[in-house]
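Student: Below is a structure I'd like to ask you about.
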Amino acid sequence: EYMGTHLLRMAAEMNLAEPPGRAQRLRAVFEDDDEAWNSIAAGASEAAAADAAETVDATLCVECKEPCIVLCHECGDRLCGVCFAALHRKGRRASHKSSSVFEHNATDAASQEEIATVAQLVSDADLASARIGFLPEDTGSWFLERSKHIPMRLTEGERSSLRLVRSALRVTDYTSTVDAEMKPVKRIQAQCRSVAAIMNGLVSGVDIDVGREVVDTMSFEIEKVPQFLRRVFEVARRHKIMNPERMRTEYGKMIHMLQDSLRAEVKEMLGVSLFKEVKSVYNELVRLGAEALLQDPRLPTATMEIFAEGKPRPQVDREIKEKERAVEALVKKHTPSGVKAEDIRQCIYSIADNHAYLRGNRDPVIKVIEFLEHFFTPDAYEEGFSLAIQDTHAGARLTHNHKRQYYFVKQSLVLWREILHDMFRLWHMAELDLLDPAIPYVLTDTGQGLHRIQPAPRTSKAIQAIIVKVQQQVGEWVGSSVVHMGDKNVPSALHFIDKYNQVSRILNPIVITINRIDELMKNGPLADYIDTSFGGPDALRKLILADFFRSGFDGSGADNFVEAGSCIDGRLTSAWNWCQQLSSKPFYRIFLLCGFVGFDGNWD
């Protein structure tokens, strides 16, 4: 309020219009009024109108309206570098003859440089794979299937809804209140009371008059209220999927609350359903009538990540420019009449968010697999760096020789890689299992307190399919392929999501430490310490990795001997157990010198 008062005073002194207040923003959320938000965050529509008013210019690319540099003789089109490379990448167009539009004026050095860049792009037979690193040759089909489970990036109005939901969930003790030993009738009463309190708090936070009406009528079946509640919870779930490190306590409360709200007794009492399917990129493009965008060959360029490491600044600037041109070209081409360009742009940015998610969560696994293959071989090992483990020795509950342990570690890492690569689809199925009224849960004491044990048929079936795929990739399978789901080890799909969201938290510190050892060697005293204590940087790397590959995959970490071992979930339990023991390792100081703080991240 203090800042807002001064902002209003400054606006008056500068003769500016009064900025939109909190009430206006929140009412825009409640009404789901996109027009209100567009007026609040003005600017994009004016820019789009200006773009649409541009006249045809022979010096501009026919696709994206950027300056053209290439003339295709067969097509007769003048194109910029990005559009020419994308449209003439393969098929019959790859053989089209072209020339520079500047060939009669070859004194323009910048143009000649860009022409050389285009030639390089055209000669690349698989532009998309080279840029992103994991796309198949048929990028259109990949994007089509992937987009069905990529959540949409939140808009400005949805972020306001998110803050409201997080604030409500942060102060509630829902799970500890309702998941307690009590009679079934008392428990249903507690569920209804707690769910109604959260719902009314959300409504009152947006419009106190509507909240008062809910209390007076004792009903949520008021105009727009059910739609508003479904929308805000969908926004929170979507945000969590794209940002697994966020809402670490609030998400569990929200899922449990939604589970209970869908029970027949509670739903009948409240009179509303709070479930809404997560908005995906594919569904949004279909709604807008722009699904053809997913087949456009410029989409890989428009969604690629740009890394500055090891590149000169001009190259980075050029890649940024290419990406921006590709985005604008897609927006201009695939925005139907009556649809806002910003909606299409939001879909493209959401796909780019998918690539960032994969880099942050899946790519650490890929890096550790590369470490395993670079520093170790299955058929031989250096003295002191064997991966062999022995049952009962150093806490191990498995017995593997070096070769068997090598393949056990590798197949475990490959399995994690495939699960994280497909996590959006698995998360979608997990929520369908969790929020399916036909699959009730049972509150049971698992030995670690009361937990909701609930089968997850969709998620289990998808995991089994991934295991079969991994078994085909690695050949010989070591250990058990049992997947615990809906039992005391993994009570529900919610625990499955939480377990595999920890993989990047476990592996990232290891990857960072291994990569930063060379930086430590540039410091004289630290280099002497590494040489005298560990035998050099390579020996240090092997020591860290060998210890992780042994103790992080030895079947340890379970509560009892029977439940430990080589099952799918036990492998991850062993890795987490290694993390708990890191402070006792001889190389722990190296982790600290490389910036290590902890595996558990930041609990916001």
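Student: Give me the number: length gained by fully extending Gln473 to Glu213, i.e. 0.36 nm times residue separation minus the C-alpha to C-alpha distance, one decimal in nm. Write out the running numbers ahead of the final one.
Tutor: On the way: separation 260, 0.36 × 260 = 93.60 nm, distance 6.02 nm.
Length gained, Gln473 through Glu213: 87.6 nm.
Student: Students often get this wrong: which residues of the stretch 345-383 have the backbone nitrogen under 16 Å from the point 7 angstrom along Cα-to-C-beta of Ile306?
Tutor: Of the residues in the stretch 345-383, 349, 352-353, 356 have backbone N under 16 Å from the label point off Ile306.
Student: Next up: Express in Å², to the nearest 10, the accessible area of Leu87 obtained by rolling a 1.4 Å probe over the protein heavy atoms while all chains stay in place.
Tutor: 30
Student: Net charge near His421, counting Lys/Arg +1 and Asp/Glu -1 over other residues with Cβ under 11 Å of its Cβ? Write down the numbers at each step before the final one.
Tutor: Working: positive: Arg146, Arg362, Arg417, Arg425, Lys469; negative: Asp363, Glu418, Asp422.
With Lys, Arg at +1 and Asp, Glu at -1, the net is +2.
Student: Still on this model: Hey, what's the stretch 487-533 come to in accessible area per residue, 1.4 Å probe, Å²?
Tutor: On the way: 2040 Å² over 47 residues.
Using a 1.4 Å probe on heavy atoms only, each residue of the stretch 487-533 averages 43 Å².
Student: Give the shape of the stretch 262-370 as rounded, prolate or oblate, defined through the alpha-carbon gyration tensor: a ≥ b ≥ c are the square roots of its eigenvalues, a/c under 1.5 means rounded, and otherwise the shape is prolate if a/b is larger than b/c and oblate if not. Spell out each step's value before the answer.
Tutor: Values: a/c = 3.45, a/b = 1.49, b/c = 2.31.
Oblate, since a/c reaches 1.5 and b/c is not below a/b.
Student: Going by average Cβ neighbours within 10 Å, how do the peptides 324-332, 476-484 rank, with the highest at the top?
Tutor: Packing order, densest peptide first, comes out as 324-332, 476-484.
Student: Same structure, new question: Using a 10 Å cut-off on Cβ atoms, rank the peptides 580-589, 386-395 from the highest mean neighbour count down. Each step should come with its number before you reach the end.
Tutor: On the way: 580-589: 13.2, 386-395: 15.3.
By packing density, highest mean first, the sequence is 386-395, 580-589.
Student: Next question, about the same structure. Apply the a/c threshold of 1.5 to the C-alpha gyration tensor of the stretch 244-295 and tell me whether it is rounded, prolate or oblate. Could you put the intermediate results ahead of the total?
Tutor: Numbers: a/c = 5.30, a/b = 1.73, b/c = 3.07.
The shape class here is oblate.
Student: Now for a different question. Quickly rank 211-224, 530-543 as a protection proxy: mean count of other C-beta atoms within 10 Å, highest first. Don't jump to the answer; show the numbers that get you there.
Tutor: Values: 211-224: 13.0, 530-543: 16.2.
Ranking, from highest mean packing down: 530-543, 211-224.
Student: Say each of Lys340 and Arg516 gets a label point 7 Å from the Cα, pointing the same way as Cα to Cβ; how far apart are those two points in nm?
Tutor: 4.2
Student: Heavy-atom accessible area per residue, the stretch 372-471, 1.4 Å probe: how many Å²?
Tutor: Working: 4560 Å² over 100 residues.
I get 46 Å² per residue for this part.
Student: Quick one: pull the percent of accessible area on the stretch 360-461 belonging to carbon and sulfur, 1.4 Å probe, ligands and nucleic acids left out. It would help to have the intermediate numbers written out before the result.
Tutor: On the way: 2370 of 4540 Å².
Of all accessible area on the stretch 360-461, carbon and sulfur atoms account for 52 percent.
Student: Where does the charge balance sit around Leu593 when Lys and Arg score +1, Asp and Glu -1, over other residues with C-beta under 15 Å from its C-beta?
Tutor: Working: positive: Arg516, Lys522, Arg541, Lys585, Arg589; negative: Asp518, Glu519, Asp528, Asp531.
Counting the neighbours of Leu593, the net charge comes to +1.
Student: So what's the Cα pair-distance distribution over the stretch 441-517, bin width 10 Å, in %?
Tutor: Calculated P(r), rounded to whole percents: 16, 33, 32, 16, 3.
Student: Solvent-accessible area per residue for the stretch 243-336 at a 1.4 Å probe radius, Å²? Walk me through the numbers on the way to the answer.
Tutor: On the way: 4050 Å² over 94 residues.
I get 43 Å² per residue for this part.
Student: Where Lys and Arg each count +1 and Asp and Glu each count -1, what net charge lies around Glu265 among other residues with Cβ under 15 Å from its Cβ? Before the final figure, lay out each step's value.
Tutor: Numbers: positive: Lys183, Lys186, Arg187, Arg193, Arg263, Lys267; negative: Asp260, Glu268.
Value of the local net charge: +4.
The values are calculated or read from the model by the stated rules, or taken from the named source; none is laboratory data. As the structure is a prediction and not an experimental result, all values here were calculated from the model. Here Cβ is always computed from backbone atoms with ideal geometry, including for glycine, and neighbour counts include all displayed protein chains. Side chains are part of the model used for accessible areas, which takes the heavy atoms of the whole protein and leaves out ligands, DNA and RNA. Shrake-Rupley method; radii C 1.70, N 1.55, O 1.52, S 1.80 Å.
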